[in-house]
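A short write-up of the structure that comes next.
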Amino acid sequence: MRQFVVIGRDVPTDPDAISLSDIPGAGRLDLLCRCVSAGVFLSHGIRESVRVHLVIDDAFTATFDADTLRHLHPDERNVAARVRDALAAKADAIGHMPADVSPGVGLRRMGLDATLDRLVGDGGAGSGGRGPDGTLVQLHEEGDPLVDAAPPSDPVFVLSDHHDFAPEEAESVADHAERRLRVGPELLHADHAITVVHNWLDTDGYAAY
């Protein structure tokens, strides 16, 4: 399983504030939609064993599960409509129980820290970075080069939107992460970074094509 956690700090939690005619105006929701598409889609299909988690305003997490997704298309408008539908169902997200939005899409009443706890527990440096379901890796411009790292098993990659990690976000990620990696010498958009990571994993660390 490959998982990506993307922090969307400015996306409104009110579904009525999301206009499909102005997706960038909804806190750069367009970038988060591209992250979903980069995470779950191939050229003519959907990847297996991939989940993308969008942490919205540190209050809700919308999850896209590639194994059970149905009728999702890679364009931003289609993905944004699913995010809006997820937020419209937030009353059904009780405690940490998810609201089922549509096949493969769910919403949990969880911010970043609770989401990382759910995915990797307290799997920080003291426990080898391993939690119940995966190894947390922060994608960051000051990390070690991706090309020099060995692909982890069941990785959970966390990255920010168009903002840098806020201090409290960086602290939470550091508490959970095993390591910090950078995808290349230039700064990339979050969705492009996800594509690079997929290629790195698809090729077993650039070792097999």
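Could you check, for region 15-31, whether at least one of its residues is open to solvent by less than 20 Å² (accessible area, probe 1.4 Å) and under 11 Å from the mean Cα position of the chain (by Cα)?
no
Only residues that are more than 26 Å from VAL120 (Cβ to Cβ) and either polar (S, T, N, Q) or surrounded by 21 or more Cβ atoms within 10 Å (Cβ to Cβ) (or both): list them for region 73-90, please.
ASN78, ALA80, ARG84
On the given criteria, is VAL40 without any contact (Cβ under 8 Å) to a residue 60 or more places away in the chain, more than 22 Å from ASP164 (Cα to Cα) and surrounded by 13 or more Cβ atoms within 10 Å (Cβ to Cβ)?
Taking the combined requirement at face value, the residue satisfies it.
Provide a single number: the residues in region 76-92 that are within 17 Å of ILE18 (Cβ to Cβ) and over 17 Å from the mean Cα position of the chain (by Cα).
8
Looking only at region 183-205, how many residues end up being assigned to a loop (DSSP other than H, G, I, E, B) and either surrounded by 13 or more Cβ atoms within 10 Å (Cβ to Cβ) or among the β-branched types (Val, Ile, Thr) (or both)?
6
For region 4-37, how many residues are among the aliphatic types (A, V, I, L, M) and without any contact (Cβ under 8 Å) to a residue 40 or more places away in the chain?
1
Among the residues of region 126-148 satisfying the criterion of being open to solvent by 40 Å² or more (accessible area, probe 1.4 Å) and closer than 27 Å to ALA62 by Cα, which is modelled with the lowest pLDDT?
Per the criteria, the residue is ARG130.
Restricting attention to region 44-56, and to residues there that are at pLDDT 95 or above and open to solvent by 30 Å² or more (accessible area, probe 1.4 Å), which single residue is nearest to ALA99 (Cα to Cα)?
Looking only at region 44-56, we keep the residues that are at pLDDT 95 or above, and these are 46-56.
In the following step, the residues that additionally are open to solvent by 30 Å² or more (accessible area, probe 1.4 Å) were identified as 46-49, 51.
Values: ILE46: 23, ARG47: 23, GLU48: 22, SER49: 21, ARG51: 16 Å.
Among those that are at pLDDT 95 or above and open to solvent by 30 Å² or more (accessible area, probe 1.4 Å), it is ARG51.
Using the structure shown, decide if ARG108 is in contact with a Phe, Trp or Tyr (Cβ under 9 Å, 6 or more places away or on another chain), open to solvent by 30 Å² or more (accessible area, probe 1.4 Å), closer than 21 Å to LEU29 by Cα and at pLDDT 90 or above.
Yes: the conditions hold for ARG108.
The values are calculated or read from the model by the stated rules, or taken from the named source; none is laboratory data. Quick caveat, the model's predicted, so the values are computed rather than measured. A quick note on method: Cβ atoms are made from the backbone with ideal geometry, for glycine too, and the neighbour counts reach across all protein chains shown. Ligands, DNA and RNA are excluded from the accessible area calculation, which covers all protein heavy atoms including side chains. Shrake-Rupley method; radii C 1.70, N 1.55, O 1.52, S 1.80 Å.
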